[in-house]
Each structure stands twice: as C-alpha cells, then as structure tokens.
Amino acid sequence: MSDVTIYHNPKCGTSRNTLALIRNAGIEPQVIEYLATPPDRDMLKSLIERAGLTVRQALREKGTPFQELGLDDASLTDDALLDAMLAHPILINRPFVVTPTGVRLCRPSELVLDILEQPQRGPFTKEDGEVVIDEQGKRVR
C-alpha cells in the first residue's frame, strides 16, 4: 500500500492534475474519492490542521451550497463549518494530499511537488496546457 493518499474528485481538473503529478513521480497513491467516501470528523480536522489551514480556508465556495447554507456568516464556529462539510462533502476543498513529508491542500496542483519525496520522472503539462515540469524533470517556475 502506498504511503501517499489523495482525497480526490475525478470531476475536478486541479484534482486530476495533482493525481497525475503524483503518478509522474512513479507513485501509485491511495485514491479516496471523498464525495463517495468522505473523511470522518476527526480525519477532516486532522487534514485541515496538518495542512496548516483554518476550517474556513478548507471550505469550498464555488459550485457548492455555500451561499444557500449561509456559510459566509463570519460568526459561524469551526464546529458549525465542519458540520456543514460533513453533511455536504462537496464543501471540502480539494485535493488534500497526505505524504510522509506532510499534508497539503494542493491548489494549485503543483503544490503537491513540495511534499513528494520522489522526483518527477519526466515532463508534465497540466490539462490547460501550462507546463509544470520540463523535459529534464525539473519544476518550471
């Protein structure tokens, strides 16, 4: 079993690019499609904390019931936001990636490179055409 896990949404381009970068390093991660198998409360809190984020920073607004649920209310507690994320997993921003080096919310997808121990094995271009890894396997800034 891999020591890399991605909380993945296959419908999300950023998530697909992140998964492809992991695989470009020769790693086959554990893929958790979090909309079908969401993390429990303790795991979600742990992912957020280990990524160095606040609960609000891990909350996805676009394409979610964020506005309808009134989650823009600054007085809502972290527990209330976590409750909403657990009830509506689409509110969990993605993709979270866990490696032995750390946890990141990989937006943009190339943030995953900061926590992968293995180098990229070749060039990589995102779905939108942006070159991230050159022909020598080096990160393009």
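The values are calculated or read from the model by the stated rules, or taken from the named source; none is laboratory data. Just so it is clear, the structure is predicted and the values come from calculations on it, not from any experiment. Cβ atoms come from the backbone with ideal geometry, glycine included; neighbour counts cover every protein chain shown. We work out accessible area using only protein heavy atoms, side chains counted, and drop any ligands, DNA or RNA first. Shrake-Rupley method; radii C 1.70, N 1.55, O 1.52, S 1.80 Å.
Of the residues making up the stretch 26-50, those that are closer than 19 Å to residue 113 by Cα, open to solvent by less than 20 Å² (accessible area, probe 1.4 Å) and assigned to a loop (DSSP other than H, G, I, E, B) are 27, 29.
When residue 78 is tested against (1) touching a residue at least 12 places away in the same chain (Cβ under 8 Å); (2) open to solvent by 30 Å² or more (accessible area, probe 1.4 Å); (3) of a type outside the set (Phe, Trp, Tyr); (4) within 16 Å of residue 12 (Cα to Cα), only condition (4) is not met.
Give the residue that is surrounded by the most Cβ atoms within 10 Å (Cβ to Cβ), with candidates limited to residues of the stretch 98-121 that are within 12 Å of residue 17 (Cβ to Cβ) and of a type outside the set (D, E, K, R). Checked the stretch 98-121; the qualifying residue surrounded by the most Cβ atoms within 10 Å (Cβ to Cβ) is 106. Kindly establish whether residue 124 is within 24 Å of residue 25 (Cα to Cα), crowded, with 20+ Cβ neighbours inside 10 Å and over 13 Å from the mean Cα position of the chain (by Cα). Yes, satisfied.
Failed condition for residue 135, given (1) at pLDDT below 95; (2) open to solvent by less than 30 Å² (accessible area, probe 1.4 Å), with all others met? Residue 135 satisfies every listed condition except (2). Taken as a whole, the condition of being of a type in the set (D, E, K, R), exposed (fewer than 12 other Cβ atoms within 10 Å of the Cβ) and not in a loop (DSSP other than H, G, I, E, B) does not apply to residue 83.
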